[in-house]
Amino acid sequence: SKSRYPEIIKNMALIYNQMGDTEKALEAMREARTENPDDLNLILTEANVHYAMGNIDKFKSLLEYATELDPENPELQYNLGVIAAEANDVENAKKYYNRAIELNPKYVNAYINLAALILEQEESIINEMNNLGTSVSDNRRYDELRLERKELYFEAIPYLEQAIDIDSNNFQAAKTLSNIYSATGDDVNAKKYREVAESIEK
């Protein structure tokens, strides 16, 4: 009959991981993967152990391998997006989040994270605005930056509205939309989403 050893060693790895003994967990996982290198659950468990240990490069490489094995898995694409975002790799983060949405159009967190990626670019704009003087050229640059910031807001809005459409109780999306619309002078929508956010809080 077929050997049960790979399943046993896999379960040992999972138990060690649950106990917080990451070194023994990784040792057992390496042995289990020698027996069954393409076990997706084992690969993901090992990836999560490496993440908990701060081994982000190993975590990323294992996720990428898992994605090759299961390219239609939106969760894997989303997690790669998170890693890319943490590494300030904005373009790849957007690519992975959009792929997750393509595979699962109701993936709320992917929409939220895409909006967050866009809005994070606001910080550098605000910093530059705050460091400008009062000369004619500085005033002109200030107006350009204010327009850039407004364009960021408009780019983020569709993702947040999609998140609300999927999850009407998403406070984060509603609150952010209220703030964005307020900043762009759209008082009607600012009020609308402020009321949505308040109703969620109750």
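The values are calculated or read from the model by the stated rules, or taken from the named source; none is laboratory data. Note that this is a predicted model, so its numbers are computed, not measured. Cβ placement follows ideal geometry from the backbone for every residue including glycine, while neighbour counts extend to all protein chains displayed. Surface areas here come from the heavy atoms of the whole protein model, side chains and all, with no ligands, DNA or RNA. Shrake-Rupley method; radii C 1.70, N 1.55, O 1.52, S 1.80 Å.
Figures for the structure shown
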quantity: Where a residue in segment 14-28 is free of Cβ contacts under 8 Å to residues at least 12 places away in the same chain and farther than 18 Å from L44 by Cβ and its partner, wherever it lies, is assigned to a helix (DSSP H, G or I) and among the aromatic types (F, W, Y), with Cβ under 6 Å and at least six apart; calculated: K24/Y16
quantity: Every residue from segment 62-71 that is in contact with a helix residue (DSSP H, G or I) (Cβ under 9 Å, 6 or more places away or on another chain), open to solvent by 50 Å² or more (accessible area, probe 1.4 Å) and in a helix (DSSP H, G or I); calculated: E64, Y65, L69
quantity: Failed condition for E123, given (1) under 30 Å from V196 (Cα atoms); (2) open to solvent by less than 80 Å² (accessible area, probe 1.4 Å); calculated: (2)
quantity: Single residue of I56, I43 found to be under 21 Å from K95 (Cα atoms) and β-branched (V, I, T); calculated: I56
quantity: Identity of the residue in segment 3-33, open to solvent by 90 Å² or more (accessible area, probe 1.4 Å) and of a type in the set (K, R), that ends up farthest from K58 (Cα to Cα); calculated: R4
quantity: Candidate set: segment 34-57, residues that are open to solvent by 50 Å² or more (accessible area, probe 1.4 Å) and of a type in the set (D, E, K, R); chosen: the one modelled with the lowest pLDDT; calculated: E35
quantity: Total residues in segment 182-202, condition in a helix (DSSP H, G or I) and open to solvent by less than 50 Å² (accessible area, probe 1.4 Å); calculated: 6
quantity: Residues located in segment 126-142, provided they are of a type in the set (S, T, Y), open to solvent by 80 Å² or more (accessible area, probe 1.4 Å) and over 23 Å from Y153 (Cα atoms); calculated: T134
quantity: Whichever residue in segment 72-109 is assigned to a loop (DSSP other than H, G, I, E, B) and modelled with pLDDT of 90 or more and, among such residues, is farthest from the chain's Cα centre (by Cα); calculated: E72
quantity: Filter pass, A173 being of a type in the set (G, A, S) and in contact (Cβ under 8 Å) with a residue 24 or more places away in the chain; calculated: yes
quantity: Candidates E23, E64, filtered to the one that is closer than 30 Å to E123 by Cβ and either at pLDDT 90 or above or not hydroxyl-bearing (S, T, Y) (or both); calculated: E64
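Every residue, every condition in (1) touching a residue at least 12 places away in the same chain (Cβ under 8 Å); (2) open to solvent by less than 40 Å² (accessible area, probe 1.4 Å); (3) at positive phi, yes or no:
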position	(1), (2), (3)
N73	yes, yes, no
L76	yes, yes, no
E86	yes, no, no
N104	yes, no, no
Y111	yes, yes, no
E148	yes, no, no
P158	no, no, no
